[in-house]
Amino acid sequence: MTDVIVIGAGAAGLMCALAAGQRGRSVLVLEKGPRIGAKILISGGGRCNFTNLHAGPENYLSANPDFCKSALARYCPADFLALVERHRIPWHEKKLGQLFCDRSSRDIVEMLRRECDEAKVRIETAVEVSAVRRNESDESFEIETSRGTLTSRRLVIATGGLSLPKLGATDFAYRIARQFGLNVLSARTGLVPFTFGGGQLDICRSLSGISVPCRVQIESETSKTALPDFTENLLFTHRGLSGPAMLQISSYWQPPAKLRINLFPDGDARAWLEENRGSGQRLDTLLARRLPERFAIAWTAPLAPLRPIRSYSSAELDAIAGKLEDWTLQPAGTEGYTTAEVTVGGIDTRELHSKTMEARNVQGLHFIGEAVDVTGWLGGYNFQWAWASGHACGQAV
Ligand SMILES: Cc1cc2nc3c(=O)[nH]c(=O)nc-3n(C[C@H](O)[C@H](O)[C@H](O)COP(=O)(O)OP(=O)(O)OC[C@H]3O[C@@H](n4cnc5c(N)ncnc54)[C@H](O)[C@@H]3O)c2cc1C
């Protein structure tokens with residue numbers, strides 16, 4: 001009988017396996033796909049944003065925000081970076097503490113594979129797990145696979161969330177959790193582009209490819225807790241809005257909430273218009289000094305006929321500044337799991353021990369990574385959760 005079977009060879013499963021193997025446990029990883037680390041390979045545009053130097057509990061969404069603290073504190077970004085440096089993988093900080101590979105995400109997958117090899121972890125790919133049972137006589141687990149039935153003392157479910165079904169994402173973790181009586185919170189897309197309809201879609205389409213700096217927040221009358229805002233770029237697409245600002249806020253968005261966009265995130269729009277009041281330039285020409293020209297033209301179109309800025313009254317400038325700082329849009333929806341980078345929600349953390357990721361009511365059964373209701377912001381936070389939760393579990397199994 002194997003000490004530990006890990007289902008899923010993604011970031012969390014591989015980290016858990018190597019940590020458990022280093023402690024002398026016999027570990028077998030089962031992966032249904034043809035290769036390990038498939039999401040790592042495509043992450044960060046092929047360069048894997050493998051952690052964020054500033055990762056802390058405040059960068060995660062969860063119905064139980066304290067849950068992630070223990071694992072994150074015991075395996076920090078610096079710990080993963082030390083591993084990366086030990087393998088002499090060249091890296092760089094892009095912005096805001098986001099660390100990327102200089103060369104390719106393959107470096108991270110190879111590093112994990114080598115660590116697993118050294119820890120004598122066995123990895124089998126193209127193995128489909130069809131059912132899991134608990135053997136009540138000795139509290140072991142029976143795992144039915146396409147290559148026969150396997151048994152283990154401990155079972156770790158590291159099969160991720162629902163995002164990217166084309167890479168094989170399924171609700172496997174949620175099904176196993178429910179089978180053993182654990183509560184699963186409803187799941188929704190996170191880090192996903194917005195779609196729009198009607199006139200707002202026409203604007204997005206006409207500006208497709210243009211990127212604009214902004215601060216975005218959600219207009220919410222229902223949320224009991226203060227929601228964060230994000231100051232980053234938005235990107236117009238042929239279906240709506242994407243770019244880092246939109247991906248970040250999408251994790252907090254639920255229909256029918258609106259988005260409030262400030263196009264002057266660094267300054268006071270009214271003061272800027274006042275400074276330029278002596279100018280003979282037309283409103284759209286003036287705005288094109290601060291914002292991309294095509295955007296300035298499209299954004300001011302509803303204010304036609306446009307006039308030289310000096311001919312606007314103070315009340316008119318107040319109204320324009322108000323619109324620049326509070327452009328309100330109503331998304332029709334999101335692009336869904338086909339493009340969402342993560343799943344928000346999942347296995348209720350109140351069912352798990354935060355130090356070990358073990359189910360409170362099922363000894364020996366653990367859940368880690370994205371399957372659990374802990375979702376990071378854009379920028380390396382999701383991998384940091386995968387490493388941290390995998391490591392915490394690997395220390396306990
Ligand atoms: C396009 C894209 C880019 C991203 N870029 C970044 C980034 O740069 N930085 C960042 O921090 N995060 C990024 N993320 C998010 C990050 O990839 C995930 O949060 C992370 O991979 C989750 O790790 P995991 O191990 O929990 O799950 P996964 O990586 O999803 O791994 C789960 C594994 O389990 C396997 N599996 C599923 N069901 C079964 C089964 N029944 N039997 C056997 N195996 C099974 C799957 O094939 C998969 O290999 C990105 C996500 C996407 C989609």
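The values are calculated or read from the model by the stated rules, or taken from the named source; none is laboratory data. Not measured: the values here are computed from a predicted model. Backbone-built Cβ (ideal geometry, glycine too); neighbour counts: all protein chains shown.
In the condition set (1) out of contact with any helix residue (DSSP H, G or I) (no Cβ under 9 Å at 6 or more places or on another chain); (2) assigned to a strand (DSSP E or B), Q248 is compliant with all but (2).
Inspection of region 68-78 finds a residue satisfying the criterion of being away from the ligand (no atom under 15 Å from the Cβ) and without any contact (Cβ under 8 Å) to a residue 40 or more places away in the chain.
Are any residues in region 14-47 of a type outside the set (K, R), more than 23 Å from G380 (Cα to Cα) and in contact (Cβ under 8 Å) with a residue 24 or more places away in the chain, and if so, which ones? It would help to see each step written out before you state the result.
Initial filter on region 14-47 (of a type outside the set (K, R)): 14-22, 24, 26-31, 33-34, 36-38, 40-46.
Adding the requirement that they be more than 23 Å from G380 (Cα to Cα) leaves 20-22, 24, 26-31, 33-34.
Passing the criteria: A20, G21, Q22, S26, V27, L28, V29, L30, E31, G33, P34.
With the structure loaded, tell me whether S137 is over 26 Å from L61 (Cβ atoms) and crowded, with 20+ Cβ neighbours inside 10 Å or whether it fails that test. Taking the combined requirement at face value, the residue does not satisfy it.
Set side by side, the residues V121, V84, V132 differ, and just one is touching a Gly at 6+ places or on another chain (Cβ under 9 Å) and in contact (Cβ under 8 Å) with a residue 12 or more places away in the chain, which is V121. For region 96-104, the count of residues that are out of contact with any helix residue (DSSP H, G or I) (no Cβ under 7 Å at 6 or more places or on another chain), basic (K, R) and more than 12 Å from the ligand (Cβ to nearest atom) is at least one. Going by what's in this entry, would R114 be described as surrounded by fewer than 14 Cβ atoms within 10 Å (Cβ to Cβ) and touching a residue at least 24 places away in the same chain (Cβ under 8 Å)? Yes; evaluated as a whole, the condition is true for this residue.
Just a yes or no: is a residue in region 373-388 more than 21 Å from Y252 (Cβ to Cβ), in a strand (DSSP E or B) and within 16 Å of the ligand (Cβ to nearest atom)? No, every residue in region 373-388 fails to be more than 21 Å from Y252 (Cβ to Cβ), in a strand (DSSP E or B) and within 16 Å of the ligand (Cβ to nearest atom). T170 passes every criterion in (1) among the polar types (S, T, N, Q); (2) outside any strand (DSSP E or B); (3) modelled with pLDDT of 95 or more; (4) closer than 26 Å to G390 by Cβ apart from (3).
Among the candidates S250, S242, S279, the residue that is more than 17 Å from the chain's Cα centre (by Cα) and not assigned by TED's automatic domain parsing to the domain that holds A9 is uniquely S279.
A quick yes/no check of all residues on (1) in the same structural domain as S250 (by TED's automatic domain parsing); (2) surrounded by 18 or more Cβ atoms within 10 Å (Cβ to Cβ); (3) within 30 Å of T237 (Cα to Cα); (4) more than 23 Å from the chain's Cα centre (by Cα):
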{"site": "R310", "(1), (2), (3), (4)": "yes, no, no, yes"}
{"site": "E325", "(1), (2), (3), (4)": "yes, yes, yes, yes"}
{"site": "G346", "(1), (2), (3), (4)": "no, yes, yes, no"}
{"site": "R360", "(1), (2), (3), (4)": "no, no, no, yes"}
{"site": "H366", "(1), (2), (3), (4)": "no, yes, no, no"}
{"site": "E370", "(1), (2), (3), (4)": "no, yes, yes, no"}
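Residues of region 13-28 that are more than 9 Å from the ligand (Cβ to nearest atom) and either touching a Phe, Trp or Tyr at 6+ places or on another chain (Cβ under 7 Å) or not in a helix (DSSP H, G or I) (or both): R23, G24, R25, S26, V27, L28. Restricted to region 261-280, and to residues there that are modelled with pLDDT of 95 or more and touching a strand residue (DSSP E or B) at 6+ places or on another chain (Cβ under 8 Å), the residue that is farthest from L317 (Cα to Cα) is I261.
Within region 348-372, work out how many residues are within 11 Å of the ligand (Cβ to nearest atom) and part of a strand (DSSP E or B).
Counting residues in region 348-372 that are within 11 Å of the ligand (Cβ to nearest atom) and part of a strand (DSSP E or B) gives 2.
Residues of region 159-174 that are of a type in the set (S, T, Y) and more than 6 Å from the ligand (Cβ to nearest atom): Y174 alone.
Counting only residues that are more than 16 Å from the ligand (Cβ to nearest atom) and either among the β-branched types (V, I, T) or in a strand (DSSP E or B) (or both), how many does region 304-347 have? Of the residues in region 304-347, 7 are more than 16 Å from the ligand (Cβ to nearest atom) and either among the β-branched types (V, I, T) or in a strand (DSSP E or B) (or both).
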